[in-house]
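Since the structure comes first, as structure tokens, the remarks are kept for the end.
The values are calculated or read from the model by the stated rules, or taken from the named source; none is laboratory data. What you see is a predicted model, and the numbers here were worked out from it, not measured in a lab. A quick note on method: Cβ atoms are made from the backbone with ideal geometry, for glycine too, and the neighbour counts reach across all protein chains shown.
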Amino acid sequence: MLLTFRGYFESGRFVSDTPIQIPEGRKTIITVLDEKIDKENERVNYIAYWNKIIEDIQNSDEELEGEPERIHFKTPEEFVAP
């Protein structure tokens, strides 16, 4: 039997992404990947991604025609099933 769990090490302990149960008496092997979860880097990449989209929209010379489609945002009451 082979089980795989994703997670990270923090303060010398393994923290799984999901709840896990390892059967008692089982041999375990831990593989450490040479990549650190970098939340700040993820945030910077996310911001850069959206800034690129905004820049592309602003630099577009495409002419818009017609009326934009109207949308409706649900109220909290509309989320509750009848």
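General remarks:
- Residues that are loosely packed, with under 10 Cβ neighbours inside 10 Å and part of a helix (DSSP H, G or I) within the range 55-75 comprise D56, I57, Q58, listed in sequence order.
- Residue within the range 6-14 that is at pLDDT 80 or above, in contact with an Asp or Glu (Cβ under 9 Å, 6 or more places away or on another chain) and surrounded by 10 or more Cβ atoms within 10 Å (Cβ to Cβ) present: yes
- Boolean, V32 is loosely packed, with under 10 Cβ neighbours inside 10 Å, within 23 Å of the chain's Cα centre (by Cα) and assigned to a strand (DSSP E or B): no
- Residue list for the range 1-29, filter: hydrophobic (A, V, I, L, M, F, W, C) and assigned to a loop (DSSP other than H, G, I, E, B): M1, L2, L3, F5, I20, I22, I29
- Any hit, the range 41-48, residues being among the basic types (K, R), assigned to a loop (DSSP other than H, G, I, E, B) and at pLDDT below 85: no
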